[in-house]
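Report on the following structure.
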Amino acid sequence: MNDTVTPTPAPDAPQNLDNTLYAAIDLGSNSFHMIIAREVHGQMQVVDKHKEMVRLRAGLDEEGKLSEKAFVQAIECLQRFGQLINNIPTQNVRAVGTNTLRNAKNSREFLKEARKALGHSIQIIAGQEEARLIYLGVAHGMPNNDEQRLVMDIGGGSTEYIIGKHFDHHHLTSTEMGCVSITQTYFPHDIVSSFTMQQAISACRQTLRPHRVKLKKLGWDIAIGASGTIKSIGQILEQNGWWDNGITLNGLYKLRDALILAGHADALQLEGLKDDRRPVLSGGLAVLIATFEELGIKQMQVSANALREGLIFDTLGRLFSDDVREISVNAMQQWMRVDVQQANHVAQTALALYKQAHNSWQLRNSEYDYRKLLTWAAKLHECGIAISYKRYRHHSAYLIAQAEMAGFDQQEKQMLSIMLLNHRGKFIAEAYDVIDTERDKLLYLTVLLRLAVRIHRGRDFEEIEPTLYIEDNNQIHLEFEDNWLEQHPLTRLDLEVEAKRLEAAGFKLTFV
């Protein structure tokens with residue numbers, strides 16, 4: 001971007017933080033949403049909401065980059081968001097980017113400026129993670145009965161479909177179609193005709209068709225729509241008498257016909273149609289009609305909850321109960337037949353070293369739980385062996401970078417992948433170049449993982465907790481008790497090799 005883009009950083013957080021408040025921010029392709037809530041007896045009590053129509057997807061240029069106008073508008077919006085959450089602890093704030101930020105060529109540059117403006121890091125989440133969080137939010141707003149649910153959410157660049165029951169999902173699907181992308185492709189200048197509408201509906205049906213068999217085989221007792229597009233269409237249908245205890249295909253056809261008759265979204269005069277929804281109404285309606293036709297939906301209810309509410313409940317889960325990321329790591333271990341006993345011993349020693357190093361290396365950053373990242377890396381470092389022992393660290397890194405792991409955002413998977421790539425052998429220094437603010441700390445975590453892996457190469461399952469001394473950040477000294485190294489000559493040799501590896505990375509390792 002040009003030098004004219006100079007976002008004002010969010011003000012420094014005050015000392016009087018309110019630990020009872022939680023914030024979730026959804027940087028969608030069409031609009032940015034924020035919800036602030038308080039946890040009261042296990043329930044979420046909303047205390048503030050704020051939404052701005054940023055239209056990020058519409059700001060992509062021909063090269064797939066955010067235009068300067070879209071870039072600046074988004075940053076200015078995040079500055080305003082930052083003011084509202086200035087008194088909320090960092091660990092209580094979750095901000096995520098979805099389809100457009102997943103695909104924008106300059107998203108990394110945007111995220112650096114966005115973090116300054118908001119005062120918090122922004123996580124890019126994959127389509128399936130987006131779907132999981134949407135379902136979590138919707139489920140918490142529904143009666144906890146035995147009904148199987150189909151949950152649908154139309155975003156600006158993608159549409160998610162989830163089958164689940166209670167708070168558990170059974171199937172997640174994210175498709176590359178949304179209210180903004182379909183409008184841009186089939187309704188340029190917002191002009192609508194019978195022909196263009198049918199073209200758009202047919203294209204959406206083709207996009208959904210590969211998922212139809214799986215969704216219909218799982219089945220559902222109730223269909224639920226979430227987020228702005230479906231809520232807006234539902235409101236229009238209800239206020240114009242086209243609502244039959246929910247959204248129906250007949251009601252959607254009536255809205256379609258009215259839109260075609262008007263010929264242009266701006267010319268459509270209907271009760272319940274808000275001006276900020278006009279630019280994306282045609283595309284959103286095409287996606288919804290295609291879904292009803294392709295899946296044979298008879299009726300759809302509208303949920304007040306969506307992704308941002310799911311983020312709040314997921315944050316509460318991380319802080320007070322089950323962290324779904326732990327479940328994902330355990331599932332990956334089982335899938336790749338990891339030697340769990342070996343992995344746990346490496347993790348135990350790595351954490352013992354972490355406890356001694358975290359003050360010297362300032363491994364305290366509430367945006368990332370370094371202790372958990374190190375533990376997960378230790379538990380997953382050998383997963384690539386299931387493919388081949390040769391170059392298995394490369395296989396491990398690739399698996400974690402590419403796998404759909406519930407709860408993990410792209411940055412967390414990227415950090416884990418880099419650690420796994422460098423947990424042994426020669427340091428691949430350029431792997432850290434994709435990391436901005438966390439680069440040095442990720443390097444420190446990698447060093448701790450490497451030492452733990454070396455110490456447990458013998459797979460003898462001893463509980464080993466050497467004393468670790470750090471001087472001037474890059475000078476590391478290990479001391480083992482009771483002449484332990486004399487009894488383990490292979491480990492001594494390995495540490496001598498490791499000292500040379502670390503020297504190439506700028507560290508000096510000594511040991512006795």
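Structural remarks
- Selection of trypsin sites (Lys or Arg not before Pro), segment 95-179, meeting DSSP coil and at most 15 other Cβ within 10 Å: K105
- Between helix 410-421 and the chain: long-axis angle, C-alpha atoms, 0 to 90°, nearest 10: 30 degrees
- The antiparallel fraction among DSSP beta bridges confined to the chain stands at about 65%.
- Relative contact order of the chain, pairs being alpha-carbon contacts under 8 Å that are 6 or more residues apart, as %: 12 percent
- DSSP bridge pairs, segment 142-303: antiparallel proportion in percent, nearest 5: 65 percent
- Estimated 222 nm signal from helices in the chain, with DSSP H stretches of n ≥ 4 weighted -39500 (n - 2.57), rounded to 500: -15000 deg cm²/dmol
- Entries of K65/K372; K372/K413; K165/K217; K65/K441 with Cα pairs more than 23 Å apart: K65/K372; K65/K441
- Between 0 and 90°, nearest 10: helix 278-295 axis offset from the chain longest Cα axis: 80 degrees
FYI, it's all coordinate maths here, none of it is from the lab. Bear in mind the structure is a predicted one, so any value in this text is a computation, not a measurement. Cβ: placed from backbone, ideal geometry, glycine included. Neighbour counts: every protein chain shown.
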